Amino acid sequence: MNKKHSQKIVIILLLLVVCRISQAQGLDSVAIDGLVTRSMKAFDVPGIAVGVIKDGKVIHAKGYGVRSLSSMQKMDENTLFGIASNSKAFTTTALGILVDEGKIKWDDKVRDYIPEFKLYNPYVSEEFTIRDLLTHRSGLGLGAGDLMFFPDSADFTLRDVIYNLRFLKQVSGFRSKYDYDNNLYIVAGEVIARVSGKSWDEFIEERIIRPLGMTQSAASFEGLTNKSNVIDAHAPVNGKVQVIERHKSTIDRAAGGIYSNITDLSKWVQTLLNHGKYGDGLSKQLFSAAVQRDQWSPQTIIPVNAPGPYNTHFAAYGLGFGLSDVNGYKQVSHTGGLEGMVTQITMIPELNLGIIVLTNQQEGGAFSCITNQIKDGYFGKTGTDWVTTLSSGRAKSVADAKAMTDKVAADIDLAQRSASKIDMGQFAGKYSDPWLGEVNISMKNGKPWLDSKRSPKLTGELLPYKGNTLVVKWVDRSMDADAFLSFSLDEEGKPYGFTMRAISPLTDFSYDFHDLNFKRMK
């Protein structure tokens, strides 16, 4: 190779490096301000907080809009949110700390620590490991059993959750398929408690939150020492976004209980990007690099149907983190959702980049378009307006769902006006499901009504639909979870049981009515 040719190669390489650097500048704060403002309007979100961490520094931390439509107090970088399932990474990190200390191994059997743990068959119960608790490959269906804590009026205890898992039916082979699960993270929290001798809340706060200086955060809403700067939850109710009741369940904290803010979560994300190191000069180590490799390594394959806008070919779930390839980089991320609030944390380790988006309305499109537009800035990608793209897609989904629910409403109206009306009295009685327990169908003020004994928010009027199928219209309209009740008849034509299914395709998967099988009580 001659000298002139080699000089050309060097120049080309330098240009590529310069190009790469110029592409990785990202959006400035003014651009992020405009992006968030548009997102709030497009998705009807009262308040959003955004943090961007790059190369070890917090380069953007800001709140937008209001904490609550009731108080109209302004958001800032210290406003606290329920981060929901972004808590799962704290649970796996807590277990990782116990792994580092030699107190557990990822592949220890769950029954070694919780002997009463039992699933749908003896083999799976015996072979189930701590790793299996964290990787959504149990064989149970999406959100199976979530009605034990969602909506959060239910009175189920941790002991109830562990016991009732045996009644949930498998929908796929053990370790064969990804189906997101919350209840097994609740069990993982109990492993931490039994090994450490401390509750999940105590361990998370003492071993993670306090060491990292996350001084405003807590393992639960109840644990916050200062509640003067906390969001209210919001959701559309009869077409208008308004304040709804805060999620207050205590049993699901290991799956989604933590309250935090941009200021504190930036410290958490920096620790993750620094492979567990923190403190002055990164002199302290929260967890080992080996633990992080396990957390950020594929454990359960997630199907990718098409490469999409980021040319994604592979996706998987690690230990408390979602993993995928985006635009040639490894992405580590997770979302979280509770009633009235949703959040997202995204990291691109090769770019030393972290993006945090916290919202006080249960509309995921807002965090997605903000995160994607910021990512595009660092990728040097242009040409996609994510606010327009995702809001248009959301509008279509909402319109399609409305067409479906309107059709059901029209059929109900027809049944109510029909000359051959359904005898609603025949369905009255007490029914029981093996894990959700008892419900009562009775007449209230002249209307047929369903009441759940153990989950009081599951109360609503029963309406005639078709044949032996009724519709329950829940009193709490923020749930957006009206459901079909399909009754089975005995040989004399009398109802002896029923199953349920959500009507709208937009109903949150944690309303797992399809996992219920009620039988008439004698």
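For segment 385-400, the tally of residues that are modelled with pLDDT of 95 or more and either of a type in the set (Val, Ile, Thr) or over 28 Å from Asn238 (Cβ atoms) (or both) stands at 5.
Looking at this structure, is Ser70 touching a His at 6+ places or on another chain (Cβ under 8 Å) and hydroxyl-bearing (Ser, Thr, Tyr)?
In short, no.
Does any residue of segment 124-146 turn out to be within 30 Å of His247 (Cα to Cα), of a type in the set (Ser, Thr, Tyr) and more than 26 Å from the chain's Cα centre (by Cα)? No, segment 124-146 contains no residue that is within 30 Å of His247 (Cα to Cα), of a type in the set (Ser, Thr, Tyr) and more than 26 Å from the chain's Cα centre (by Cα).
Based on what the data block shows, is Asn311 loosely packed, with under 15 Cβ neighbours inside 10 Å, in contact (Cβ under 8 Å) with a residue 24 or more places away in the chain and at positive phi?
no
Exactly one residue among Asn121, Asn78 is closer than 30 Å to Arg501 by Cα and of a type outside the set (A, V, I, L, M), and that residue is Asn121. So for segment 353-365 (the condition being in contact with a helix residue (DSSP H, G or I) (Cβ under 9 Å, 6 or more places away or on another chain), part of a helix (DSSP H, G or I), within 15 Å of Lys54 (Cα to Cα) and not polar (S, T, N, Q)), does at least one residue qualify? Looking through segment 353-365, none of the residues is in contact with a helix residue (DSSP H, G or I) (Cβ under 9 Å, 6 or more places away or on another chain), part of a helix (DSSP H, G or I), within 15 Å of Lys54 (Cα to Cα) and not polar (S, T, N, Q).
Assess whether Ala502 counts as being crowded, with 18+ Cβ neighbours inside 10 Å and farther than 19 Å from Trp435 by Cα. Judged against the criteria, Ala502 is not a match. For the structure I just gave you, tell me whether Thr371 is surrounded by 13 or more Cβ atoms within 10 Å (Cβ to Cβ), part of a helix (DSSP H, G or I) and free of Cβ contacts under 8 Å to residues at least 60 places away in the same chain. Answer is yes for this residue. Could we say that Ser217 is surrounded by fewer than 21 Cβ atoms within 10 Å (Cβ to Cβ) and of a type in the set (S, T, N, Q) here? It is false that Ser217 is surrounded by fewer than 21 Cβ atoms within 10 Å (Cβ to Cβ) and of a type in the set (S, T, N, Q). Counting only strands (runs of 3 or more DSSP E) that sit wholly inside segment 204-319, those with at least 1 residues that are closer than 27 Å to Lys62 by Cβ are 233-237, 240-244. Annotation: of all residues in segment 34-60 being within 18 Å of Val342 (Cα to Cα) and touching a Ser or Thr at 6+ places or on another chain (Cβ under 8 Å), the one that is surrounded by the most Cβ atoms within 10 Å (Cβ to Cβ) is Ala49. Any chance segment 478-492 includes a residue that's surrounded by 18 or more Cβ atoms within 10 Å (Cβ to Cβ), among the polar types (S, T, N, Q) and more than 21 Å from the chain's Cα centre (by Cα)? The answer is no, given that none of the residues of segment 478-492 is surrounded by 18 or more Cβ atoms within 10 Å (Cβ to Cβ), among the polar types (S, T, N, Q) and more than 21 Å from the chain's Cα centre (by Cα).
For segment 65-78, indicate whether the set of residues that are touching a helix residue (DSSP H, G or I) at 6+ places or on another chain (Cβ under 8 Å), under 22 Å from Leu224 (Cα atoms) and not hydrophobic (A, V, I, L, M, F, W, C) is non-empty. Looking through segment 65-78, at least one residue is touching a helix residue (DSSP H, G or I) at 6+ places or on another chain (Cβ under 8 Å), under 22 Å from Leu224 (Cα atoms) and not hydrophobic (A, V, I, L, M, F, W, C). Quick one: count up the residues across segment 29-57 that are farther than 25 Å from Thr388 by Cβ and part of a loop (DSSP other than H, G, I, E, B). Count: 2. Taking the criterion of being among the hydroxyl-bearing types (Ser, Thr, Tyr) and modelled with pLDDT under 95, the only residue of segment 369-383 that qualifies is Thr382. From the list Phe90, Phe117, the lone residue that is surrounded by 20 or more Cβ atoms within 10 Å (Cβ to Cβ), over 26 Å from Pro349 (Cβ atoms) and not β-branched (Val, Ile, Thr) is Phe117. A search for C-beta distances below 9 Å between a residue of segment 403-422 that is in the same structural domain as Lys466 (by TED's automatic domain parsing) and any residue that is of a type in the set (Phe, Trp, Tyr) and exposed (fewer than 10 other Cβ atoms within 10 Å of the Cβ), counting only pairs 6+ apart in sequence or on different chains, returns nothing. For segment 181-196, state whether one or more residues are surrounded by fewer than 22 Cβ atoms within 10 Å (Cβ to Cβ) and in a loop (DSSP other than H, G, I, E, B). No, segment 181-196 contains no residue that is surrounded by fewer than 22 Cβ atoms within 10 Å (Cβ to Cβ) and in a loop (DSSP other than H, G, I, E, B). Scanning segment 340-350 for residues that are of a type in the set (A, V, I, L, M, F, W, C) and under 15 Å from Ser324 (Cβ atoms) turns up Ile345, Met347, Ile348. State which residue is surrounded by the most Cβ atoms within 10 Å (Cβ to Cβ) when the search covers only segment 223-250 and only residues that are more than 18 Å from Asn360 (Cα to Cα) and at pLDDT 95 or above. It comes out as Gly223.
The values are calculated or read from the model by the stated rules, or taken from the named source; none is laboratory data. Fair warning: this is a prediction, and the values are worked out from it, not measured in the lab. All Cβ positions, glycine included, derive from the backbone under ideal geometry; neighbour counts span all protein chains shown.
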